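Beneath this line is the structure, given in structure tokens, with notes to follow.
Just so it is clear, none of the values below were taken in a lab; they were calculated from the coordinates. Keep in mind that what you see is a predicted model, and the values were worked out from it rather than measured. For neighbour counting, all protein chains shown are included, and Cβ atoms are generated from backbone atoms with ideal geometry for every residue, glycine included.
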């Protein structure tokens, strides 16, 4: 067995668990969204990073596979059936489409909506799954035999691939990908012309689009007088502006100027009773997050109406969202509907 062919099979085995995680977590996300329930952020993170980490392996696998196929064809001619070649071609094309659409969504290539890419990503994954299963059925046993041979001690001067080598290689790829992503986010935050041009990560069933004329923000809980604010009421107040980063747990970060009403200003207007302990921020989707008093008292903790001086886009929480410095994006509730005050005693 040639070294190039052995390497091709080893790459296939390295790709297998990452591809499996991507497909399984993607299916789980699809089920959660279909049931309109909260998608765990850990699930989104595993799905995104499994896909990102597999990209260099996928590229190396495709390159190695092409070289191996050309070498065999040159020596032996085309011996496999045309049907098998069509299946392999379909597997390659659908895998590229699946990963390509995923990367475009992760990079937020179309700010304001990734609906088309989501459908392409979903259906390419659905169609490629049986092809992957067929591919594994044909080649997994052979690949395991090749890896068993390759991992054995090699003669002096030969190439020796050990588990430690593979672990170090995987770690290096992770660092490179994380660094590239961080650098890209930093450059985006500096150079973007549209303040709403930053990634969209949904942790609930999907985006909501409240009618701005009908929308009201309720301040309730341990208050003397539950108070409702219309969008006009909020815009009638002087907006506070504060610049800080919005950080997502899956890796991206952007720096923006946020404009809105400090949360404590709205709470005071509802006349809280007793000593405030925390507040629960609830979205029109039902998603909710509790923040402690020390975060509420920050002037940068706002019911945010604007980003960079322009209204929030729908996918970023229009008409209003919670923003707080140092708070992870998962907790910056979009499409804010209610602030429920919790007091001591």
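Relative protection proxy for 304-312, 233-241, from highest mean packing down: 304-312, 233-241 (other beta-carbon atoms within 10 angstrom).
Residues 275, 340, 315 in ascending order of nearby Cβ atoms (within 10 Å, fewest first): 275, 340, 315. Put a dot 7 Å past the Cα of residue 280, heading toward its Cβ, do the same for residue 119, and the two dots end up 3.8 nm apart. Footprinting exposure proxy ranking of 318, 21, fewest other C-beta atoms within 10 angstrom first, gives 21, 318.
Here, P(r) means the percent of Cα pairs in each 10 Å bin from 0 to the largest distance; for segment 216-344 it is 14, 49, 32, 5, 0.
Please compute the contact order of segment 216-344 in relative form: average sequence separation of alpha-carbon pairs under 8 Å and at least six residues apart, divided by the residue count, as a percent. Across segment 216-344, relative contact order equals 33 percent. Each label was represented as a point 7 Å from its Cα along the Cα-to-Cβ direction; for residue 134 and residue 214 these points are 4.9 nm apart.
Peptides 253-265, 285-297 ordered by packing proxy, namely the average of other Cβ atoms within 10 Å per residue, highest first: 253-265, 285-297. With R₀ set to 51 Å, the beta-carbon distance separating residue 126 from residue 228 gives a calculated FRET efficiency near 0.70.
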